[in-house]
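Notes follow the structure.
Each reported figure results from applying straightforward, stated rules to the coordinates on display, with no laboratory input. Quick caveat, the model's predicted, so the values are computed rather than measured. Please note: Cβ atoms are built from the backbone with ideal geometry, for glycine as well, and neighbour counts cover all protein chains shown.
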Amino acid sequence: MLMEHTPFRNFKTKIMNFLSKEQLAFYKENGYLHIPDFYSSSDIQRIREATNNCAAVEGIRVIYEEDGETIRSIMSYHDKNDTLEEYTNDLKVLNVDSDLIPYDVYVSLSKINIKKGNEKGKKWDIHRGYTYWNLLDGMPNQDMISVFVYLTDQTVENGAVFGLPKSHKNISVDTIKEESMISGGREQDTAANLSIQIKEKYVNQFDEDFETKYFTGK
């Protein structure tokens, strides 16, 4: 769906079916699935508190906005904080993953996106996640899932992520190579300067072919 590779040390094994047939069918058709109230407010508060000092932990990569001071993303935290590792390994998440991907799964990337509610918090350009994982990381196929956990209320006004449902269909490596242009290395992936851009003609075509879905929620 339009929207660094550090393998986790433990593979995880499915323990039960979590999603309904209707949810599985919706995901297959639209390329996303929203599960409200997946975590309690106390769970979210624990995660939020654990993220507060992540940027100072050795081995965690911090990406800044263009001013060089405002934190944009904190990456590769999942094995460097006990609380965040606990939720990364949560069996509830595993059950969802394993319903959607019929293999043992592992963590490829962990990231906390922090978006400032002022002019310092810039947008991400429209992109496909798999484009980066394939072209820059060498990930050979698309048997992957992005799991988003809302740490604050997500609204259109405060810059919620949006996607284009059904834009995941019939996508191959040749497709992403054709629609993309590489403008630099991953180290420059900041607010307005993604290393891989989708060519303007394809972005314009997306506007005609797909509806925009804002991923809003508590």
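Things worth noting here:
- Between the amide H of Ile114 and those of Ser73, Ile74, distances stay under 5 Å, these residues lying 5 or more places away or on another chain, with hydrogens modeled in the peptide plane.
- Interchain or long-range residues, amide H under 5 Å from Val105's placed H: Lys12
- The slack in the chain from Asp125 to Val62, taken as 0.36 nm per residue of separation less the alpha-carbon distance, amounts to 20.8 nm.
- Virtual spin-label span in nm between Met139 and Arg46, 7 Å along Cα→Cβ: 2.7 nm
- Surface/4 estimate of mean projected area, convex hull on alpha-carbon atoms of region 119-167, nm²: 5.0 nm²
- Extension gain for the segment Gln23 to Tyr214, taken as residue separation times 0.36 nm less the Cα-Cα distance, is 66.9 nm to one decimal.
- Pairs over the 30 Å Cα-Cα cut-off, from the set Lys177/Lys218; Lys80/Lys177; Lys28/Lys80; Lys21/Lys166; Lys21/Lys177; Lys92/Lys177: Lys177/Lys218; Lys80/Lys177; Lys28/Lys80; Lys21/Lys177; Lys92/Lys177.
- Global geometry of the chain, whether rounded, prolate or oblate, following the gyration tensor of its Cα atoms and the 1.5 cut on a/c: rounded
- Segment Asp37-Glu86, length gained on full extension (0.36 nm per residue, minus Cα span): 15.8 nm
- Amide H to amide H distances under 5 Å link Phe162 with Phe215, where only residues 5 or more positions off or on other chains count and H is placed in the peptide plane.
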